[in-house]
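**Q** One structure, as structure tokens, below. Some questions next.
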Amino acid sequence: DAKTTQPNSMESNEEEPVHLPCNHSTISGTDYIHWYRQLPSQGPEYVIHGLTSNVNNRMASLAIAEDRKSSTLILHRATLRDAAVYYCILRDGLAGSARQLTFGSGTQLTVLP
Amino acid sequence: EPEVTQTPSHQVTQMGQEVILRCVPISNHLYFYWYRQILGQKVEFLVSFYNNEISEKSEIFDDQFSVERPDGSNFTLKIRSTKLEDSAMYFCASSTGTLLPDEQYFGPGTRLTVT
């Protein structure tokens, strides 16, 4: 899977929007962009995914650059419960049986009350 | 909401002993996975399992490791002779096995401490 680059850490104030960036300049045309997060002392949790178009779900929004070389996970109103490590992961849609996730170091999001 | 469960939550064992970590994946899921996370490090893929056989495995998953689906609900990871460096959180995950993105659901993990 292609490599992603994320800031090591970010801070946000509670109830404010958070924009978590991810660079993936070597993304291929069949790579899906996935976001997972890991709350303290828990297993990773799926957040959202996309291919080309922006996506919204109940947890977050995903904004994908037109050239697909970067994306941004948007939490519209951060809560204390959103404090976690956020992982941006690329997965090849043509990978067939190779479905494993390759986690990087992610972004540690701190939410300030 | 269905969830992946893992037992035990914490396992302490002596070096050289065998351990079995247990997982109950979500019932209609077809793909099963084991990952591990050494304290302070990245989550690492170990193995994926589909249709009663290993689908993919990483270089970490050597002959000391094995996986099994002994019945219709459990999925186990066995470490034959534990080493100090096997101390980590072990996460089980499952997915439906449909076309990607095939979201993976993770369990809460088993903390393995090898002394």
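**Q** Applying the selection to region A:21-68, what residues are among the acidic types (Asp, Glu) and under 20 Å from residue A:83 (Cα atoms)?
**A** A:45
**Q** Okay, moving on. Six or more apart or on different chains, Cβ atoms under 6 Å: show the pairs whose first residue is in region B:32-44 and within 16 Å of residue B:59 (Cβ to Cβ) and in contact (Cβ under 8 Å) with a residue 12 or more places away in the chain and whose second is outside any strand (DSSP E or B) and not acidic (Asp, Glu).
**A** From residues that are within 16 Å of residue B:59 (Cβ to Cβ) and in contact (Cβ under 8 Å) with a residue 12 or more places away in the chain, the pairs are B:43/A:103.
**Q** Let me ask something else about it. Sort out which residues of region B:55-76 are over 18 Å from residue B:97 (Cβ atoms), within 14 Å of chain A (Cβ to nearest Cβ) and of a type in the set (A, V, I, L, M, F, W, C), and write them in order of number.
**A** Selection gives B:60, B:61.
**Q** Let me ask something else about it. Just a yes or no: is a residue in region B:96-105 modelled with pLDDT of 95 or more and either among the charged types (D, E, K, R) or more than 23 Å from residue A:93 (Cβ to Cβ) (or both)?
**A** Checking region B:96-105: not a single residue is modelled with pLDDT of 95 or more and either among the charged types (D, E, K, R) or more than 23 Å from residue A:93 (Cβ to Cβ) (or both).
**Q** Which pairs do you get when a residue that is farther than 16 Å from residue A:47 by Cα, found in region A:79-98, comes within reach of a residue that is at pLDDT below 95, reach meaning Cβ atoms under 6 angstrom, with the pair 6+ apart or on two chains?
**A** Close Cβ pairs satisfying both conditions: A:92/A:30; A:92/A:31; A:93/A:30; A:93/A:32; A:93/B:100; A:94/A:30; A:97/B:55; A:98/B:56.
**Q** How many of the residues in region B:64-79 are loosely packed, with under 13 Cβ neighbours inside 10 Å and modelled with pLDDT of 95 or more?
**A** Residues in region B:64-79 being loosely packed, with under 13 Cβ neighbours inside 10 Å and modelled with pLDDT of 95 or more: 0 in total.
**Q** Scan region B:96-115 residue by residue and report those that are more than 7 Å from chain A (Cβ to nearest Cβ) and farther than 12 Å from residue B:25 by Cα.
**A** Passing the criteria: B:97, B:98, B:99, B:110, B:111, B:112, B:113, B:114, B:115.
**Q** Test residue A:58 against the criterion of being basic (Lys, Arg) and buried (at least 17 other Cβ atoms within 10 Å of the Cβ), and give yes or no.
**A** So residue A:58 does not fit the description; no.
**Q** Filter region A:70-113 down to the residues that are of a type in the set (D, E, K, R) and within 9 Å of another protein chain (Cβ to nearest Cβ) and list them by number.
**A** A:91, A:92, A:99, listed by residue number.
**Q** Can you name every residue in region A:26-41 that is in contact with a strand residue (DSSP E or B) (Cβ under 8 Å, 6 or more places away or on another chain), farther than 14 Å from residue B:101 by Cβ and within 14 Å of chain B (Cβ to nearest Cβ)?
**A** Passing the criteria: A:28, A:37, A:38, A:39, A:40.
**Q** Taking the residues in region B:34-54 that are within 11 Å of chain A (Cβ to nearest Cβ) and at positive phi as candidates, determine which candidate is surrounded by the most Cβ atoms within 10 Å (Cβ to Cβ).
**A** Here the residue is B:51.
The values are calculated or read from the model by the stated rules, or taken from the named source; none is laboratory data. Fair warning: this is a prediction, and the values are worked out from it, not measured in the lab. We place every Cβ from the backbone using ideal geometry, glycine too, and count neighbours over all the protein chains shown.
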